[in-house]
Structures are given as structure tokens and as C-alpha cells.
Amino acid sequence: MLTLRAWPLCVWCQRQGICKASQVADHVRQHNGDHDRFYDPAGLIGICASCHTLKSGWERFPGHEAQLAEYWRYCDGLRATQGGGRA
């Protein structure tokens, strides 16, 4: 998958000083069934399976808005510097 080639290391692990391979092309923001957003490569970033599970939990359960907002800010900044980001 192109996303994992562009982001071979988990961006969230890297932020914490951990070097771990990306395993999942993550939709940084939920697509909510929007096909254009689902297939837009600019909305994807590579993360490991553990971070994807953590981030999905933040999206599904209330009380994690601050963590999710920090993830969005961080990923949006990375994608902007890579030239393909979309907020």
C-alpha cells in the first residue's frame, strides 16, 4: 500500500521516541462512510496496529477528546510537511 511506503514507521510511536514499523493505513479523521474521504490518500498516515487500536478507542469512547485532538494536530503537521496533508 502506498501509505505504508510513504510512512514506513509508526508516526505516533516515533513521536514518543519508539521506532516501530507501520502496519495500518490510518484515516487520521473518521470518514463516516464518505467514499471520497475513505479513498483520499492525503487523509491517511501509517501507524502500528497497537497505536491504531488506541486511537480507535479514543474515537469510540467519550473522555479522550484531548488525546484525539493532539493526534490530529500532530498528524496534520506531519502530512503538511510531506506535502500531502488535508486538515
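Where a number appears in this text, it was derived from the coordinates with a stated rule and is not lab data. Quantities reported herein were computed from a predicted structural model and do not represent experimental measurements. Note that each Cβ is placed from the backbone with ideal geometry, even for glycine, and that neighbours are counted across all protein chains shown.
A compact table of results
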read-out: GluC sites (Glu not before Pro) within the range 26-87, DSSP loop, no more than 15 other Cβ atoms inside 10 Å; value: none
read-out: Length released on extending from H35 to L2, taking residue separation times 0.36 nm less the Cα-Cα span; value: 10.1 nm
read-out: Inter-site label distance for E65 and Q16 at 7 Å from Cα along Cβ, in nm; value: 2.4 nm
read-out: Residue order, fewest to most surrounding Cβ atoms within 10 angstrom, among H35, H64; value: H35, H64
read-out: Free-standing Cys, the chain [no other Cys Cβ under 4.7 Å]; value: C19, C51, C75
read-out: Helix-only [θ]222 nm of the chain, DSSP H runs n ≥ 4, -39500 (n - 2.57) each, per residue, nearest 500; value: -14500 deg cm²/dmol
read-out: Computed FRET value (nearest 0.05) for L9 with A42, which takes r as the C-beta separation and R₀ as 22 Å; value: 0.70
read-out: Cα-based Rg / Dmax (Å) for the chain; value: 12.1, 34
read-out: Highest-MSF residue in the chain out of Q16, Q67, Q30 [GNM, Cα springs under 10 Å]; value: Q16
